[in-house]
């Protein structure tokens, strides 16, 4: 854990949002909505909580991070770039042929990526495997996994959750980015929202629901579970807003996978600089 204040973390979250949007704007491709909703958590994890080393990305005792909702790779790439895992200018190559920064995280291309993800639901299973490995090897590192609310419709999520509880993986923390826009109106009637807090608790997780954009709450939640060895896997459900920080993107499903034009990009950067509402 690093020594950094909540105020400083809020500034890091701004930098992450601006960097992710710059990547998507430059590429004219990517997923801004979910990247922005996850920015505050990513700031807390990458700049304070996780035990990682940019100079040694494959350090055996590092904490692991799995972006199960792999389509929001720009926000993880932003965290890696700002932590020095690769030169910052690399962000301008997002989704280009031959770039180390592809549309979904690739562990064979990008320093700091612990597992390739993209197929929704599968990343959580990989994270469970990492946590089991730590237990078997008697290692103290923890595994953090970020899933989306819509991703929780995948049956594999709950198979992984059942496995985590069975093996008493108290070294595993799963975060749910619960921004409430898991799909557009066309499928909302056939994909009802799950009671995620109740669901994870029923599977044997120690479960907390917090404001996913209030840095004080994120830090307090992480503080409360750090070092807990009660044989219960952890779940922190984040109440978030898709597109958080940019007025015309907030809570709009259409910004799930659309790049801003020049005017929209410039407005977005101004709004993020102005601070979250």
Here is a list: 118, 129, 155. Which entry is surrounded by fewer than 20 Cβ atoms within 10 Å (Cβ to Cβ) and under 14 Å from the mean Cα position of the chain (by Cα)? 118
Does residue 35 fit the bill of being within 30 Å of residue 258 (Cα to Cα), in a loop (DSSP other than H, G, I, E, B) and in contact (Cβ under 8 Å) with a residue 12 or more places away in the chain? no
The condition from (1) outside any loop (DSSP other than H, G, I, E, B); (2) within 15 Å of residue 174 (Cα to Cα); (3) touching a residue at least 12 places away in the same chain (Cβ under 8 Å) that residue 141 misses is numbered (1)
Options 65, 47: the member that is in contact with a helix residue (DSSP H, G or I) (Cβ under 8 Å, 6 or more places away or on another chain), in a helix (DSSP H, G or I) and either within 19 Å of residue 221 (Cβ to Cβ) or at pLDDT below 95 (or both): 47
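The values are calculated or read from the model by the stated rules, or taken from the named source; none is laboratory data. It should be emphasised that the depicted structure is a prediction, and the values quoted were computed from it without experimental measurement. With ideal geometry, Cβ positions are generated from the backbone for all residues, glycine too; neighbour counts draw on all protein chains shown.
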